[in-house]
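All of the numbers you see were taken from the coordinates with simple rules; none came from a lab. Quantities reported herein were computed from a predicted structural model and do not represent experimental measurements. Here Cβ is always computed from backbone atoms with ideal geometry, including for glycine, and neighbour counts include all displayed protein chains.
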Amino acid sequence: MSVEELQTKVKKLSMRSTEAKMALHDLSEELPTDWEKIPEVAEQTFAVFKELTEARRALKAAKKAAAEA
């Protein structure tokens, strides 16, 4: 993936992570209502942040490789 493609991916994942974080926050504010949704929302939030972290690492590596080339 090119640096530009990785930057776009990181930007999209960043937006998704913000949405996931807010969903988790909103759920916590509504407790004890919908407490059954905690594992599902937490899992989705975890997955998005994991993917974002991996994409940021890939972007950093790609930028370093491009600078060394």
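Observations on the structure shown:
- Computed on the Cα trace of the chain, the radius of gyration divided by the Kirkwood hydrodynamic radius gives Rg/Rh = 1.18.
- Restraint check, Lys12/Lys63; Lys21/Lys64; Lys37/Lys63, Cα-Cα greater than 27 Å: Lys21/Lys64; Lys37/Lys63
- GNM flexibility winner over the chain from Glu30, Glu40, Glu19 (Cα, springs under 10 Å): Glu30
- Of Met22, Thr33, Leu52, farthest towards positive along the dipole that unit charges on Lys, Arg, Asp, Glu beta carbons give the range 3-68: Leu52
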